[in-house]
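Below: one structure, written as structure tokens.
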Amino acid sequence: MVALPPRERSQLRCCGASGCRSAGAGPLLAALRAAAAEGAVEPSATPAQTSGEPGSGLEVRSVGCLRLCGQGPLVAWDGPEGTQLFGGLPPQGAAALVAQARGLAPIPLPAEPALASHRLDLDHPFFRLQRPLVLENCGIVDPERIEDAIAHGGYVQLRRVLEELSPGEVREQVRRSGLRGRGGGGYPTGLKWDTVALQPPGRRYVVCNADEGDPGAFMDRSVLEGDPHRLLEGMAIAAYAVGADHGYLYVRAEYPLAIERLRLALQQARRHGLLGQGIAGSTFNLELEVRVGAGAYVCGEETALLHSIQGQRGTPRSRPPYPAQAGLWGAPTLINNVETLAAVPVILRQGGDWYAAIGREKSRGTKVFSLSGAIRHTGLVEVPMGTSLRTVVETMGGGDPDGGAVKAVQTGGPSGGCIPADLLDTPVDFESLLALGSMMGSGGMVVIGQGTAMPEVARHFMAFSVNESCGKCVPCRAGTVQLLALLDRCVERRATAADLEALEALCAMVKATSLCGLGQAAPNPVLSTLRHFRQDYSMASGAGP
Amino acid sequence: MSVITLRVDGLDVAVPAGSTLLQAIRAAGLAVPTLCHLDGLDAVAACRLCLVEVEGSQRLLPACASEATEGQVIHTATAQLQGYRRMAVELFFAEGNHVCAFCVANGDCELQDVAVAVGMDHSRFPYQYPQRSVDASHPRFSLDHNRCILCTRCVRVCDQIEGAHVWDVAERGSDCRIVAGLDQPWGEVDACTSCGKCIDVCPTGALFAKEDTTAEKHPHPERAQQLRQAREHQQWLR
């Protein structure tokens with residue numbers, strides 16, 4: 001949540017997540033802290049300062065994602081008037097902001113034009129239409145301090161579950177919530193938990209898939225960097241519900257800050273007795289470890305991920321048996337995505353039925369999306385399932401930054417497809433997106449402007465699949481290479497009608513015969529652009545409209 | 001041992017419970033093409049040639065790695081499957097450098113046999129002509145990467161039957177290649193026992209004995225299963 005209720009003592013929250021860091025949050029945070037500590041404020045910069053005094057306890061906190069990543073570095077000031085958000089503030093502006101935050105009187109805007117020009121509108125639909133559940137504490141808590149997470153309700157549900165609920169009762173709530181896997185597949189979470197829990201007695205594992213690899217997807221990173229304790233709590237509840245006492249968090253190596261914060265969070269949780277032996281005074285034990293990927297996209301596929309954890313080559317295997325039956329070292333293994341597990345504490349707190357009342361039909365609850373591409377407001381949004389694409393992209397995202405019309409929205413990364421602008425009223429849920437030849441995917445939304453030819457988009461994603469194919473099965477290893485060559489011809493306007501036919505036939509073959517989801521979905525960007533933007537290909541091929 | 005019955009291309013067939021679909025297909029007196037599968041080695045379902053249609057399932061299932069279940073109705077040779085198989089074989093030919101005319105395995109090559117079986121007389125996909133090497137560092141054997149189809153039979157036979165684990169796969173995607181030891185010249189890998197099992201199970205001319213020239217390789221892929229039977233059931237089958 002970004003906007004907080006008015007408070008007497010001002011505080012500043014500076015985003016310390018990767019996006020804002022790369023935009024200069026580090027120097028800004030240091031400057032804010034220096035200014036707050038010293039109280040050495042230029043008199044000329046503080047015309048409004050009346051009652052603030054040096055060292056009057058202005059707290060400057062480093063927090064997780066404040067959503068509008070494209071305007072970073074972001075700083076929120078919470079004061080008696082509520083919250084104000086500032087974007088793109090240089091370190092030189094820190095003193096002015098600290099001075100304003102210290103002045104307990106209302107800000108006489110535009111007293112400090114330099115500062116006012118960085119102010120962002122928190123009443124914009126981008127913020128107003130968000131429904132933060134998974135991200136409810138992201139941007140509020142300091143991800144590096146477990147005390148802060150606990151002060152904001154962290155681990156309350158884990159303690160309650162261990163004291164009051166049986167594993168079966170926990171699974172009942174998750175079943176009732178209608179939660180479905182947020183990694184892209186949309187498999188019912190409660191059913192998966194039951195499948196693991198009901199296996200014959202013996203060892204079980206729980207695994208968090210944090211190998212977020214879709215281009216344009218950064219939802220899970222924000223949870224990992226912004227509120228890691230929520231994930232650990234959800235994972236511990238999941239482990240309790242399925243009877244696991246050991247688990248792994250598989251994080252891609254490209255997320256160094258997430259890995260650092262997760263490791264710190266694990267240490268802190270162990271020290272607080274919230275992981276390890278006899279958790280929170282109960283008889284429940286759980287050891288969690290971080291495993292770092294080695295740069296293979298395919299390791300986000302669950303069987304390849306398990307191989308990787310076991311120290312083997314990251315290649316998928318044929319299913320069944322599913323990991324829920326035979327996973328890590330042959331034991332039943334629960335694998336859930338970051339966002340799925342991070343939704344669990346809220347579901348337990350509010351009840352499965354409460355959660356199921358949000359969203360629509362077969363897609364319940366909220367979903368986090370990362371908006372990027374040809375869009376004014378680049379960043380993270382969490383909205384109820386079933387919100388229309390138009391609301392997300394145009395109302396919240398602000399549409400094309402140059403004022404042009406949106407041409408298409410790419411969802412689901414290299415496994416998904418492109419949805420044309422005339423279908424933007426489609427509700428965002430698992431079934432609706434599948435029906436359009438795309439998929440929910442993990443939640444990346446890349447907006448495509450009018451200037452982009454769709455064969456180029458398809459080629460971009462096919463090149464990704466060629467690079468990331470593990471090489472195990474021939475349709476994906478060799479088929480994607482041939483698809484890429486055909487797409488080259490389309491982009492270069494050399495394709496013939498026969499090439500288009502070959503393209504479609506090979507797409508069908510790769511989709512139907514590849515071993516894992518990566519190969520099966522690799523043709524989707526081609527098929528969906530052929531379906532919705534055939535004219536782009538026809539122009540390319542000279543085959544007529 | 002319990003028995004299950006299923007229907008393969010209209011023929012009812014009974015097989016022991018736990019059998020694979022491939023075993024059921026064979027029990028019915030039918031065949032589907034295979035390349036990566038070899039009796040005696042664990043299935044990897046990588047070549048995708050043995051995919052079959054199962055009524056009631058939207059996905060195609062690899063016969064080598066799928067357990068047969070009671071009452072299943074499967075189709076092994078629909079027009080769609082035949083089309084996919086031919087494309088897969090074309091992809092195999094197009095991604096490597098397969099020149100039968102001067103290959104050691106000419107006339108005794110499973111890739112060649114499969115091409116004939118699926119009716120592939122040319123590839124509709126352009127040949128990639130990859131730059132690949134030959135490893136002739138071993139005193140008795142050679143590995144010609146140009147002819148390798150990455151079936152991983154050598155990897156598996158060396159690991160699962162010989163127990164030496166000389167072979168592995170390196171890189172990914174179209175850069176994948178079989179490596180000896182820690183990506184060393186084969187002749188420098190101490191773990192290699194020179195047993196020749198990898199030569200026997202290789203479906204193409206990629207792995208061969210140095211004394212063999214064009215069309216002189218005559219492998220014995222059945223030895224993997226013979227050895228496994230001998231070890232597990234103390235029986236030597238011929």
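Descriptive notes on the structure:
- Some residue of the stretch A:153-170 being modelled with pLDDT of 95 or more, in contact with a strand residue (DSSP E or B) (Cβ under 7 Å, 6 or more places away or on another chain) and over 15 Å from residue A:233 (Cα atoms): no
- Filtering the stretch A:202-237 to residues that are assigned to a strand (DSSP E or B) and under 14 Å from the mean Cα position of the chain (by Cα) leaves A:208, A:209, A:210.
Yes/no matrix, rows are residues, columns are (1) touching a strand residue (DSSP E or B) at 6+ places or on another chain (Cβ under 6 Å); (2) under 16 Å from residue A:233 (Cβ atoms); (3) assigned to a loop (DSSP other than H, G, I, E, B):
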position: A:311; (1), (2), (3): no, no, yes
position: A:320; (1), (2), (3): no, no, yes
position: A:348; (1), (2), (3): no, yes, no
position: A:367; (1), (2), (3): no, no, no
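- In the stretch B:136-169, the residue that is nearest to residue A:471 (Cα to Cα) out of those that are more than 14 Å from chain A (Cβ to nearest Cβ) and in a loop (DSSP other than H, G, I, E, B) is B:166.
- Scope the stretch A:391-449; condition assigned to a strand (DSSP E or B) and closer than 13 Å to residue A:363 by Cβ; matching residues: A:427
- The sole residue among A:491, A:481 that is β-branched (Val, Ile, Thr), within 11 Å of chain B (Cβ to nearest Cβ) and buried (at least 16 other Cβ atoms within 10 Å of the Cβ) is A:481.
- Residue within the stretch A:454-472 that is more than 27 Å from residue B:168 (Cβ to Cβ), assigned to a loop (DSSP other than H, G, I, E, B) and more than 10 Å from chain B (Cβ to nearest Cβ) present: no
- Of B:85, B:59, all but one fail to be crowded, with 22+ Cβ neighbours inside 10 Å, within 14 Å of another protein chain (Cβ to nearest Cβ) and basic (Lys, Arg); the exception is B:85.
- Applying the set (1) surrounded by 24 or more Cβ atoms within 10 Å (Cβ to Cβ); (2) more than 20 Å from residue A:475 (Cα to Cα); (3) within 12 Å of another protein chain (Cβ to nearest Cβ) to residue B:49 leaves exactly one unmet item: (2).
- Taking residues in the stretch B:145-168 that are over 24 Å from residue A:515 (Cα atoms), and partners anywhere that are assigned to a helix (DSSP H, G or I) and acidic (Asp, Glu), the pairs with Cβ atoms closer than 6 Å and at least 6 places apart or on different chains are B:165/B:159.
Condition check ((1) of a type in the set (A, V, I, L, M, F, W, C); (2) surrounded by fewer than 24 Cβ atoms within 10 Å (Cβ to Cβ)) across all residues:
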| residue | (1), (2) |
| --- | --- |
| A:352 | no, yes |
| A:356 | yes, yes |
| A:362 | no, yes |
| A:368 | yes, no |
| A:375 | yes, no |
| A:397 | no, no |
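- Applying a threshold of 7 Å to beta carbon distances and a minimum spacing of six or more residues, or different chains, the list of pairs starting in the stretch A:184-199 at a residue that is on the phi > 0 side of the Ramachandran plot and ending at one that is buried (at least 19 other Cβ atoms within 10 Å of the Cβ) and at pLDDT 95 or above reads A:186/A:180.
The values are calculated or read from the model by the stated rules, or taken from the named source; none is laboratory data. Since this is a predicted model, take the numbers as computed values, not measurements. Virtual Cβ from ideal backbone geometry, glycine too; neighbours counted across all protein chains shown.
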